[in-house]
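The values are calculated or read from the model by the stated rules, or taken from the named source; none is laboratory data. Nothing here was measured: the structure is a model prediction, and the numbers come from that model. Note that each Cβ is placed from the backbone with ideal geometry, even for glycine, and that neighbours are counted across all protein chains shown.
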Amino acid sequence: MEAIGTVLLAMLAGSLRVSTPFLFVSLGECLTEKSGRINLGNEGVLVLGAMVAYATSYETGSPWAGVAAAAVSGLLLGGIHGAICSLARVNDVAMGIAIMLAGTGIAFFFGKPYVQPSATLLSGIPFGFWSDNAQVRNALSVCPLFLLGIAAAVALHWCFNATRVGLRVRIVGDSQDAALALGLPIDRTRFLATACGSALAGIGGAFLSLYYPGSWNEGLSSGQGLMAVALVVFSRWNPINCIYASLLFGAAGALGPSLQTVGITWGYYLFYAAPYIFTLVVLIITARGGKSLRGMPGQLSIGR
Amino acid sequence: MKPPNPTSLSRRRLLRGTAGAAGLAAIGLTSEQARAAKDLTVGFIYVGPKDDYGYNQAHAEAAAMVKKMPGIKVVEEEKVPETDDVSKTMESMIKLDGATLLFPTSFGYFDPYVLKMATKYKDIQFRHCGGLWTNKDPMNAGSYFGYIGMCQYLNGIAAAHATKTKKLGFIAAKPIPQVLINVNSFALGARSVDPTITTSVIFTGEWSMPVKEAEATNSLIGQGIDVVTCHVDGPKVIMETAERRGIYTCGYHADQSKLAPKGYLTGAEWNWITVYKQFIADAQGGKPIPNFTRGGLAEGFVKMSPFGPALSEAGRKNVTAVKAEIMKGGYSVFKGPLKDNKGNVVVPAGKAYPETAIELESCNYLVDGVVGSTS
C-alpha cells in the first residue's frame, strides 16, 4: 500500500517536474500549426533556448534574464523559419529539419564554454509548505515557469476562441481561399505565429537548463522537442488539452524509475515506453470512425 | 568561464571533404611528415564532449597531460559517433595530421572500424579503450582497460560510513558485465561495513539521458536513499540533483567534487595518463607497444578522488586501510560463498575472484543486498 502511494507521489512529482518543456513546446507548435504551418525546428529551438538561458543566467546572475533571452533566441530562430517558409515552393517540413539541426549546432558551438560552470537557477515555489513529509514538500515545489505555461495555455485557448487575432490565425490555417477572400495577410500571420510559437519553445528550453534537470550539456533535450510535435496531434490542436497531454507524459515518464525504486524491477524498458504506448492507444481510440483529422487545421502540409 | 578551446579540430574539419582542400593538404603533408620523423603525433578520439565530467573528460584530461610532454603533438576530435564517421576521423588524423599512434576511446569503435583501419594502415598503431583485442586481430592494434570495480568497492565503504538510512542508490545505464561489476562491488563494499545496508539500482537503459537520470535520482531520494553513485557517461546531472536535495554522492569516471562540494564523499576515477605515458614511451623508444593492457589501483590505471568534507574520520581510515590492502595486489571483492539477490550461489564457498578473474567478465547477476533486476 505504501509502495503504491510512493509510486503515485513520484508520478505526481514527475508530472509537475518533467511536463513543463513539453507544455511550452507543444503550445508553441500548436500556435504555429493553427496558422497552417509545421515547425519541426522546435527541437533545435529548445536546445538553443536551454543554452542561451544558461549562458545569460551565468553571465548576468539573473535566471529571469536567461528566460527572456531564451524567448528572444526562439523568436529569432522561429522568425528565420517563418520568413524562409514564406517564399514560394519552400517545404516547411524539410526547412524545419534544417532549423532543428542549425539550432542544435549553434547551441553546441556557443555552449561549449558553459558546460562546466554553474549558473544561478530558478527557484521553485514551495506549495508543499503545509506538509511535514519531505517527499510531499519536494513534489509540490513548483517552478514558476510551469504556472506561466498553464497561464499561456489558457490565454492561447481564449485567444483562439474569443479574439479577432485568434480567429484570423485560425482562418489562415484552415482555409487559404477564405483568408484571401477576406484580405488577410497570410504570410505575415504565419510568420508571426511561427516566431511567437518558437519563442514559447525557447522558454521550454530555459526550464530544462535553469530548473530541471538544471544544467547545460549537450545531451540535455533527448528529443523532447520532437515529442511535443506529436503531443499537439495527440491534444487535437487544443491548448488546454496540451496541458493534460504534457502532464500525462511527465507522469508516465516518472513511472519507470519510481517502479524500480519500490522493487518492481522487471521490464523497465517496457515502463520507459509507457508514454509512447499510451499515446498510441489514445490515438487509436480517438481516431475511430474516420474522425482522425478532427481539429486539424486544413492548410497543414501533412493534411493536404 | 573557459576560453574556447583552440584545437586543430576546426581546421581539420574544414579541410576534410572539400575537393580543393586535398591539394592544400598535400602541401601541408610534406612538412608534417618531415616533422613526424622526429616528433610523435598522437590522435585521441572521443564519443562525447570532452568536458562531460565523465568518461570522455577522463580521457581528455590525460590527453591534456600528454600534450605537455616534449616532442609530442596531440590531435583530438570529440563527439565522433560509433559509425563510419570514426573511420573518416582516423583516416584524416593519419593522412592530414600525420598521426602514427591513435587512441579511439569508445567501446563501439573497435569492431569493425579500428580493425579495418589497422588492416589498411599497417604502420600506424591503434590502441582502443575497452579491452576487446584478441590475438587473432591485427598486431598493430590493441586494447587497454582498467579495473575500476575496486574503486567502486571503496566508494561503497565510504557510502556505508555516511548513510543514516542504510539505503544506498546506484543509477546505472545498461545491465552489461562492466556495469554489473561496479554495482556489485559498490554493494559489497557497503556491506563489508554494515551487512544490513541495501543498494537500490535503477537502470536508465541509455548511456546519457539527463532528464531520466535526474528523475531516477529523485525517485531514489523519495525512497529514503541518502548516498547515490552511478555508472552513466556524464554523471553531472546526478551529482547536481543529489547535492541540491542534500544527500551524499560518490563520483564516477572523473572528479565531480566541484559539482557537489558539500555531499561528495569520494569517487572512482580513471587515471589514463599511466597507460598513455607507457605507450608513448614505447613508441618513442622504438619498442613494441603492448597489444593487451589492463590494470587496476595498484598499476595506477584508476584512482580515488580526494575525500570530501562529509566523510567521517572513521570512514577515511577504513577506506585508506582497504585501499592499502588492494594496492598489495590479489585482493578479491567477490569471495565465496556469495549469493545473488535471487538466492542462487554465484561464487561457491572457498572460491575468490580477484579483479583479473575471467569469471567476472561474464557477470550477469546482482549480489545479495542489491534491490533491482538485470532485465
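Selection within the range A:106-136: residues that are touching a Ser or Thr at 6+ places or on another chain (Cβ under 6 Å) and away from chain B (no Cβ under 11 Å). The member of this set that is surrounded by the fewest Cβ atoms within 10 Å (Cβ to Cβ) is A:Pro126.
Looking only at the range B:164-184, count how many residues are charged (D, E, K, R) and either closer than 19 Å to B:Ala216 by Cβ or in contact with a Gly (Cβ under 6 Å, 6 or more places away or on another chain) (or both).
Residues that pass the stated criteria total 2.
The residue of the range A:41-86 that is nearest to A:Ala230 (Cα to Cα), among those that are surrounded by fewer than 24 Cβ atoms within 10 Å (Cβ to Cβ) and aromatic (Phe, Trp, Tyr), is A:Trp64. Residue check: B:Thr217 meets all listed conditions (1) under 26 Å from B:His59 (Cβ atoms); (2) hydroxyl-bearing (Ser, Thr, Tyr); (3) away from every other protein chain (no Cβ under 14 Å) but one, namely (3).
Quick check on the range A:9-21. Is at least one of its residues more than 14 Å from chain B (Cβ to nearest Cβ) and closer than 16 Å to A:Leu220 by Cα? Give the derivation first.
So in the range A:9-21, the residues more than 14 Å from chain B (Cβ to nearest Cβ) come out as none.
No, every residue in the range A:9-21 fails to be more than 14 Å from chain B (Cβ to nearest Cβ) and closer than 16 Å to A:Leu220 by Cα.
Counting the residues of the range B:163-191 that are under 16 Å from the mean Cα position of the chain (by Cα) and over 21 Å from B:Gly205 (Cβ atoms) gives 1.
The requirement of being part of a loop (DSSP other than H, G, I, E, B), aliphatic (A, V, I, L, M) and either buried (at least 16 other Cβ atoms within 10 Å of the Cβ) or in contact (Cβ under 8 Å) with a residue 12 or more places away in the chain (or both) is fulfilled nowhere in the range B:324-343; no residue meets it. When only residues in the range B:345-367 that are touching a residue at least 60 places away in the same chain (Cβ under 8 Å) and under 21 Å from B:Val193 (Cβ atoms) count, which is farthest from the other protein chains (Cβ to nearest Cβ)? Within the range B:345-367, the match that is farthest from the other protein chains (Cβ to nearest Cβ) is B:Glu355.
Only residues that are out of contact with any strand residue (DSSP E or B) (no Cβ under 6 Å at 6 or more places or on another chain) and either within 8 Å of chain A (Cβ to nearest Cβ) or not polar (S, T, N, Q) (or both) were counted in the range B:193-203, giving 4. Within this structure, B:Ala141 fails the test of being of a type in the set (Gly, Ala, Ser), closer than 30 Å to B:Asp255 by Cβ and modelled with pLDDT of 90 or more.
Quick check: is even one residue across the range A:173-183 farther than 27 Å from A:Leu270 by Cα, in contact with a Pro (Cβ under 7 Å, 6 or more places away or on another chain) and in contact (Cβ under 8 Å) with a residue 60 or more places away in the chain?
Pass one, the range A:173-183, residues farther than 27 Å from A:Leu270 by Cα: A:173-183.
Of the ones still in play, those that are also in contact with a Pro (Cβ under 7 Å, 6 or more places away or on another chain) are A:173-174.
This time we only want the ones that are in contact (Cβ under 8 Å) with a residue 60 or more places away in the chain, so: A:173-174.
Scanning the range A:173-183 turns up at least one residue that is farther than 27 Å from A:Leu270 by Cα, in contact with a Pro (Cβ under 7 Å, 6 or more places away or on another chain) and in contact (Cβ under 8 Å) with a residue 60 or more places away in the chain.
Looking only at residues that are among the polar types (S, T, N, Q) and assigned to a helix (DSSP H, G or I) in the range A:171-207, which one is farthest from A:Gly74 (Cα to Cα)? Selected residue: A:Gln176.
Out of B:Glu299, B:Glu269, one residue alone is acidic (Asp, Glu), crowded, with 18+ Cβ neighbours inside 10 Å and more than 14 Å from every other protein chain (Cβ to nearest Cβ). It is B:Glu269. Scanning the range A:209-222 for residues that are within 11 Å of chain B (Cβ to nearest Cβ) and either crowded, with 24+ Cβ neighbours inside 10 Å or aromatic (Phe, Trp, Tyr) (or both) yields A:Ser209, A:Tyr211, A:Tyr212, A:Pro213, A:Ser215, A:Trp216, A:Asn217, A:Leu220, A:Ser221. Would you mind stating whether A:Gly61 is on the phi > 0 side of the Ramachandran plot and either within 12 Å of the chain's Cα centre (by Cα) or modelled with pLDDT of 90 or more (or both)? Yes, satisfied. Going by the structure shown, is B:Lys79 surrounded by fewer than 22 Cβ atoms within 10 Å (Cβ to Cβ), touching a Ser or Thr at 6+ places or on another chain (Cβ under 7 Å) and either in a helix (DSSP H, G or I) or basic (Lys, Arg) (or both)? For B:Lys79, the condition - surrounded by fewer than 22 Cβ atoms within 10 Å (Cβ to Cβ), touching a Ser or Thr at 6+ places or on another chain (Cβ under 7 Å) and either in a helix (DSSP H, G or I) or basic (Lys, Arg) (or both) - is not met.
Could you grab me the full set of residues in the range B:82-107 that are in a strand (DSSP E or B) and over 15 Å from B:Asp39 (Cβ atoms)?
B:Leu102, B:Phe103, B:Pro104
Residue selection: B:Ala349 satisfies the criterion of being hydrophobic (A, V, I, L, M, F, W, C), out of contact with any helix residue (DSSP H, G or I) (no Cβ under 9 Å at 6 or more places or on another chain), surrounded by fewer than 20 Cβ atoms within 10 Å (Cβ to Cβ) and part of a loop (DSSP other than H, G, I, E, B).
Given the condition within 14 Å of another protein chain (Cβ to nearest Cβ) and in contact with a Leu (Cβ under 8 Å, 6 or more places away or on another chain), answer yes or no: does some residue in the range B:134-146 qualify? No, the conditions are met nowhere in the range B:134-146. Could you please let me know if B:Gly315 is more than 14 Å from chain A (Cβ to nearest Cβ) and modelled with pLDDT of 95 or more? Judged against the criteria, B:Gly315 is a match. Just one of the numbered conditions (1) within 14 Å of chain B (Cβ to nearest Cβ); (2) closer than 30 Å to B:Ser219 by Cα is not true of A:Ala206: (1).
For the residues A:Val47, A:Val72, A:Val67, A:Val52, the requirement of being in a helix (DSSP H, G or I) and either free of Cβ contacts under 8 Å to residues at least 40 places away in the same chain or under 12 Å from the mean Cα position of the chain (by Cα) (or both) singles out A:Val47. When the criteria are applied in full, A:Gly149 fails the requirement of being within 14 Å of another protein chain (Cβ to nearest Cβ), within 30 Å of B:Pro210 (Cβ to Cβ), of a type outside the set (A, V, I, L, M) and assigned to a helix (DSSP H, G or I).
Does the range A:228-250 contain at least one residue that is within 10 Å of chain B (Cβ to nearest Cβ) and outside any helix (DSSP H, G or I)? Within the range A:228-250, not a single residue is within 10 Å of chain B (Cβ to nearest Cβ) and outside any helix (DSSP H, G or I). Inside the range B:110-135, residues that are outside any loop (DSSP other than H, G, I, E, B) and under 21 Å from B:Ile280 (Cα atoms) make up a count of 9. The condition (being under 13 Å from the mean Cα position of the chain (by Cα), surrounded by 20 or more Cβ atoms within 10 Å (Cβ to Cβ) and more than 21 Å from A:Gly82 (Cβ to Cβ)) is satisfied by just one residue among A:Gly197, A:Gly204, A:Gly149, A:Gly225: A:Gly149.
Taking B:Ala310, is it farther than 30 Å from B:Ala62 by Cα, more than 14 Å from every other protein chain (Cβ to nearest Cβ) and either in a loop (DSSP other than H, G, I, E, B) or touching a Cys at 6+ places or on another chain (Cβ under 6 Å) (or both)? Here the answer is no, as B:Ala310 does not meet what is asked. Can you tell me which residues in the range B:265-308 are more than 26 Å from B:Glu355 (Cα to Cα) and at pLDDT 95 or above? Across the range B:265-308, the qualifying residue is only B:Gly308.
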